[in-house]
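One structure is given here, and the rest of the page talks about it.
Nothing in this text is a laboratory measurement; each read-out follows from the coordinates by a stated rule. Quick caveat: nothing in here was measured; it's all calculated off a predicted structure. FYI the Cβ positions are ideal-geometry reconstructions off the backbone, even for glycines, and counts take in every protein chain you see.
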Amino acid sequence: MSDSSRRRTGLSPFAVAAVAVGMLAVGTGGAVAGGLITGAKIKDGTVTGADIRNNSLTAADLLDESRAWGKTSTTPKGPFTATEWTPIVSRAVSVPRAGYLQVTGDLYAEDLASGAGLGSLFYTIKVDGKIINTGDYRRLQYGSENSENHGENGSATVTVKVAKGSHTISLVAKETGAGSYTYGGSINALYAPTGSAAVTYVLPRSTARTANR
């Protein structure tokens, strides 16, 4: 714009510059708005991992990411004679949507040295207060009173379908013999949005006896 033109319009150089910037902003905004890409415009299967910058997504961006929890028993070690299902270790977990939990409980115990006869400790997994796989409990069977292998370590793993929200998982045990000496246990859970329900168990293994008197 010439000086004579500016004089005719009555605009200062600063005002002219502001008008020009404003026109550019309006023009650019219209172009961006008109070309906005939404999910409805993306054909299924056309965006792949190669299109996403590495490390640009976090767990907060994903609803279906796998999640894991774990906890070690805080129950003091000592004689165990409870004849009803008693929690050895429990914890709460929360899943973002319906899916599957794979829960593993691990327990270590020995025959109670001060008891008359052998202990017989049953254990299993509870989810939301319900025994999983009723009638097929795991059992720690100790050696004879004269055996040096009175200790046993056992594991139980279950996979259960769960709804969205909070759930309580527990490793529970009960004594059906003369008594056991528990050294605690642990429980771990892994969540996945898809899967199938199954039950697997790890057989107990003998462990050298320690003094629990």
- Cross-link reach from residue 130 to lysines, straight Cα distance under 18 Å and at least 8 residues apart if same chain, gives 161, 164, 174
- Query: Given labels modelled 7 Å from the Cα in the Cβ direction, how far is it in nm from residue 91 to residue 77?
  - Reply: 2.1
- Item | Segment residue 194-residue 157, length gained on full extension (0.36 nm per residue, minus Cα span) | 11.6 nm
- Message: Using 0.36 nm times the number of residues separating residue 37 and residue 164, minus their current alpha carbon distance, what extension gain do you get?
- Response: 42.6 nm
- Note on the structure: Subtracting the Cα-Cα distance of residue 128 and residue 98 from 0.36 nm times their residue separation yields 9.3 nm
- Note on the structure: With label points set 7 Å from each Cα along the Cα-to-Cβ direction at residue 84 and residue 176, the distance between them in nm comes to 1.9
- Query: Hey, quick one: spin label on residue 113, modelled 7 Å out along Cα-Cβ, who in segment 147-191 has an amide N within reach, i.e. under 15 Å?
  - Reply: 147-152, 180-183
